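Asker: Handing you a structure now.
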Amino acid sequence: MTLQQIIDRRLSGKNKSIGNRERFLRRYRDQIRDAVRRAVDQRGIRDMEQGEDVHIPKRDLNEPVFSHGDGGTREVVRPGNTEHIKGDRVAKPQGGGQGQGGSQASDSGEGDDDFVFHLSKEEFMQVFFEDLALPNLARTTLAETPEYKTVRAGYVTDGTPTNLHVVRSMRGALGRRIALGMEKRRELHELEARLETLQHEDATKPDVKALLAETEARIVLLRQRIAAIPFLDPIDLRFRNRVKVPQPTTRAVMFCLMDVSGSMDESRKDLAKRFFILLYLFLTRHYEKIDVVFIRHHTQAQEVDEQNFFHATETGGTVVSSALVLMEEIIRARYPANEWNIYGAQASDGDNWHHDSGRCRELLADKILPLCRYYAYVQVAEAEQNLWEEYARLAEEAPHFAMRKAVDAAQIYPVFRDLFKKEGVSA
């Protein structure tokens, strides 16, 4: 029986241990998850791809220790004692300390600060995706850096033989041979013309005979020098040069539509925010320039900033079509479909004025969806109302329209599973 050993020789990061760091993340997973959750609540959608500082109280870092319990009979030798004699009972030490976690206040001693642990961008995104129950493949797709492609970048004088450009190299060799032999060929032509003239003269004359011999010798020398010019020299070689550049990026705009009526509490808005964050992260994998437009609505729609979008609360009824009308107006005014890739994301609890739901379906089918690459609707409530029924009819007809329910964070991902699949097919 042969024993096999697998040795992991991957280098750890500088001045840190990967194994210890992973054990630390596993041990304090709850504190780290709470820190990521607080960061998601406080950050904007555009600020998600950053690290985070995690503060862990010192009481959570205490290691178990063994110590002597109170009580019992012990003999202690106290040299230089002037207060007690043999047989006296000594009182137990009082609790508390000098700034070391005792219950009594003190003006001396040093306090213990919380332990601060920095999560990298990758670790932060992994914890965020874990809360959303994303598969590993989707986490990698969303968190990795943008892809690059190789493009031609002219020619260079060194490279691998597989990148040799024959035509370019031969062109350079031809030019070099012409440049180096030009003067010699010009002189050769002149000597050949002189030789032809001398051959018609009297070869018995001493001066003609000497000039004729000199001319013939010079012609032979020039022909040897011309023939000595190399047909192909290393300096003639030209190799194709290829460099990695980011994928050509186009512009995209992401419309976030959300109901802010009284029925949308903070927990439902938190679900909607996670939904919008996932869509934004998906778009950053495909586009470099992304505009985000926030439209909130109750009975009327309004374009607002991100702070008011997630934290402002209104009372009264709900008319969803007002947000769709405003979205179309903004597209027509600022984001023409032939210049922008338009994505729509709508979050609602499903509550809507009964006579308005049919109009929402018509607006999406006739005006919004023809301009969008993809439109996703998530309902953050379980009950199905008339808006869900109208959208369900639309989902059967429109291939780039998706709808799901999400009453907790783990239910948001199915929308993006369909989104990834459709994007892969179209590509």
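Asker: Mind listing whichever residues of segment 364-397 are open to solvent by less than 60 Å² (accessible area, probe 1.4 Å) and under 20 Å from residue 338 (Cα atoms)?
Answerer: Result: 364, 365, 368, 369, 371, 372, 374, 375.
Asker: Can you tell me which residues in segment 217-235 are open to solvent by 80 Å² or more (accessible area, probe 1.4 Å) and charged (D, E, K, R)?
Answerer: The answer is 223, 225.
Asker: Next question. Restrict the check to segment 253-270 and report whether at least one residue is under 30 Å from residue 164 (Cβ atoms) and out of contact with any His (no Cβ under 9 Å at 6 or more places or on another chain).
Answerer: Applying the first criterion (under 30 Å from residue 164 (Cβ atoms)) to segment 253-270 yields none.
No, the conditions are met nowhere in segment 253-270.
Asker: List the pairs whose first member sits in segment 400-414 and is under 17 Å from residue 277 (Cα atoms) and open to solvent by 30 Å² or more (accessible area, probe 1.4 Å), whose second member is modelled with pLDDT of 85 or more and not aliphatic (A, V, I, L, M), and whose Cβ atoms are under 6 Å apart, counting only residues at least 6 apart or on separate chains?
Answerer: Final answer for the pair search is 405/379.
Asker: Among the residues of segment 270-288, is there at least one that is of a type in the set (Ser, Thr, Tyr) and in contact with a Lys or Arg (Cβ under 8 Å, 6 or more places away or on another chain)? I'd like the intermediate steps shown before the answer.
Answerer: Our first condition is that a residue be of a type in the set (Ser, Thr, Tyr); within segment 270-288, this holds for 280, 284, 287.
So of that shortlist, the ones also in contact with a Lys or Arg (Cβ under 8 Å, 6 or more places away or on another chain) come out as 280, 287.
Yes, segment 270-288 contains a residue that is of a type in the set (Ser, Thr, Tyr) and in contact with a Lys or Arg (Cβ under 8 Å, 6 or more places away or on another chain).
Asker: If you don't mind, another one. Mind listing just one residue for me: the one in segment 180-197 that is without any contact (Cβ under 8 Å) to a residue 12 or more places away in the chain and over 20 Å from residue 213 (Cβ atoms) and, of those, least open to solvent (accessible area, probe 1.4 Å)?
Answerer: Applying the first criterion (without any contact (Cβ under 8 Å) to a residue 12 or more places away in the chain) to segment 180-197 yields 182-183, 186, 189-190, 193, 196-197.
Okay, now just the ones that are also over 20 Å from residue 213 (Cβ atoms), so 182-183, 186.
On the way: 182: 92, 183: 119, 186: 107 Å².
Only one residue fits best here, namely 182.
Asker: Right, next: Filtering segment 254-273 down to residues that are open to solvent by 10 Å² or more (accessible area, probe 1.4 Å) and part of a helix (DSSP H, G or I), which residue is nearest to residue 373 (Cα to Cα)? If you could, list the steps in order and put the result at the bottom.
Answerer: Quick first cut of segment 254-273, residues open to solvent by 10 Å² or more (accessible area, probe 1.4 Å) only: 262-263, 265-268, 270-271, 273.
Now restrict to residues that are part of a helix (DSSP H, G or I): 266-268, 270-271, 273.
On the way: 266: 30, 267: 29, 268: 26, 270: 25, 271: 23, 273: 21 Å.
So, considering only residues that are open to solvent by 10 Å² or more (accessible area, probe 1.4 Å) and part of a helix (DSSP H, G or I), the one nearest to residue 373 (Cα to Cα) is 273.
Asker: Just the residues that are of a type in the set (A, V, I, L, M) and either surrounded by fewer than 13 Cβ atoms within 10 Å (Cβ to Cβ) or under 41 Å from the mean Cα position of the chain (by Cα) (or both), please, taken from segment 153-179. Give the steps one after another, and end with the answer.
Answerer: Of all residues in segment 153-179, those of a type in the set (A, V, I, L, M) come to 153, 156, 164, 166-167, 170, 173-174, 178-179.
Passing the criteria: 153, 156, 164, 166, 167, 178, 179.
Asker: Restricting attention to segment 393-402, does a residue exist that is closer than 19 Å to residue 296 by Cα, more than 24 Å from the chain's Cα centre (by Cα), outside any loop (DSSP other than H, G, I, E, B) and at pLDDT 85 or above?
Answerer: Step one: of segment 393-402, the residues closer than 19 Å to residue 296 by Cα are none.
Checking segment 393-402: not a single residue is closer than 19 Å to residue 296 by Cα, more than 24 Å from the chain's Cα centre (by Cα), outside any loop (DSSP other than H, G, I, E, B) and at pLDDT 85 or above.
Asker: Can you run down the residue pairs with Cβ atoms below 6 Å, 6 or more apart or on separate chains, where the first is in segment 259-282 and within 16 Å of residue 293 (Cα to Cα) and the partner is open to solvent by 10 Å² or more (accessible area, probe 1.4 Å) and acidic (Asp, Glu)?
Answerer: Listed by first residue and then by second, the contacts come to 260/314.
Asker: Provide a single number: the residues in segment 339-360 that are open to solvent by 10 Å² or more (accessible area, probe 1.4 Å) and either touching an Asp or Glu at 6+ places or on another chain (Cβ under 6 Å) or farther than 13 Å from residue 297 by Cβ (or both).
Answerer: Matching residues across segment 339-360 total 7.
Asker: A further question on this structure: Would you mention how many residues in segment 326-338 are touching a strand residue (DSSP E or B) at 6+ places or on another chain (Cβ under 7 Å) and either surrounded by fewer than 19 Cβ atoms within 10 Å (Cβ to Cβ) or outside any helix (DSSP H, G or I) (or both)? Walk me through how you get there before you give the answer.
Answerer: Keep residues of segment 326-338 that are touching a strand residue (DSSP E or B) at 6+ places or on another chain (Cβ under 7 Å), which gives 326-327, 330-331, 335.
Restricting the remaining residues to those that are either surrounded by fewer than 19 Cβ atoms within 10 Å (Cβ to Cβ) or outside any helix (DSSP H, G or I) (or both) gives 330, 335.
Qualifying residue count, segment 326-338: 2.
Asker: Can you name the condition, by its number, that residue 296 falls short on among (1) open to solvent by 40 Å² or more (accessible area, probe 1.4 Å); (2) closer than 19 Å to residue 253 by Cα?
Answerer: (1)
The values are calculated or read from the model by the stated rules, or taken from the named source; none is laboratory data. None of the values given here were measured: they were computed from a predicted structure. Cβ: placed from backbone, ideal geometry, glycine included. Neighbour counts: every protein chain shown. Just so you know, the surface numbers come from the protein's heavy atoms only, side chains and all, with ligands and any DNA or RNA stripped out. Shrake-Rupley method; radii C 1.70, N 1.55, O 1.52, S 1.80 Å.
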